[in-house]
């Protein structure tokens, strides 16, 4: 089967990520807002927690030595669920469901291009050298960054069967990540947007 010939676009969503990082003991919350709208696809996709994911504030120093592919603590889980679908539009048999994340404001950041960049500049009180990393955690034995290194495309591609499509759930994890691990991170506000595309082939 040629995947790109049988691809069907399901849904597009926008993720809004914002937050604060402090060097002190002060605490705040970070919200990851996910707004999902059907834009001409065949399936409705839902996002967990009312599309709002809250993360705790962390110190920039807690990110030292953590790479964009490391399964590290300090973030929050969220999930995407296929809620409804026109099954007549779903090809019979087995295929793959791909979930592609991309920065709404430009390109992936970081040494390996696997970090959502902070859209607030340091001059505007933005955290410096810090963004967000997204991970697929559907298989606990195989947790991975959703973006392949060096702009290699989406890594979140899951085998699927027509009978299993409706109600299928895909868990993810988002956490802070340094953009350049050789440089220090600085405290401040973070905000990033990502477009999520879900399709099967």
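The values are calculated or read from the model by the stated rules, or taken from the named source; none is laboratory data. Because the structure is predicted, anything quoted here is derived from the model rather than measured. In this analysis, Cβ positions are derived from the backbone assuming ideal geometry, glycine residues included, and neighbour counts consider all displayed protein chains.
Some notes on this structure:
- Residues satisfying the stated conditions in the stretch 40-54, i.e. modelled with pLDDT of 70 or more and either closer than 11 Å to residue 77 by Cα or within 14 Å of the chain's Cα centre (by Cα) (or both): 47, 48, 49
- Among (1) surrounded by 16 or more Cβ atoms within 10 Å (Cβ to Cβ); (2) assigned to a loop (DSSP other than H, G, I, E, B); (3) at pLDDT below 85 - the single one residue 112 does not satisfy: (3)
- The C-beta contact set for the stretch 57-78 (first residue touching a residue at least 12 places away in the same chain (Cβ under 8 Å) and on the phi < 0 side of the Ramachandran plot, second residue part of a helix (DSSP H, G or I) and surrounded by fewer than 16 Cβ atoms within 10 Å (Cβ to Cβ), distance under 7 angstrom, 6+ apart or interchain) comprises 78/49.
- Pairs, first at positive phi and touching a residue at least 12 places away in the same chain (Cβ under 8 Å) in the stretch 136-148, second surrounded by fewer than 16 Cβ atoms within 10 Å (Cβ to Cβ) and part of a loop (DSSP other than H, G, I, E, B), C-beta under 8 Å, six or more apart: none
- Applying the criterion of being outside any strand (DSSP E or B) and in contact with a helix residue (DSSP H, G or I) (Cβ under 9 Å, 6 or more places away or on another chain) to the residues of the stretch 118-162, the residue that is surrounded by the fewest Cβ atoms within 10 Å (Cβ to Cβ) is 162.
- Tally, over the stretch 149-181, of residues that are without any contact (Cβ under 8 Å) to a residue 12 or more places away in the chain and farther than 15 Å from residue 98 by Cβ: 2
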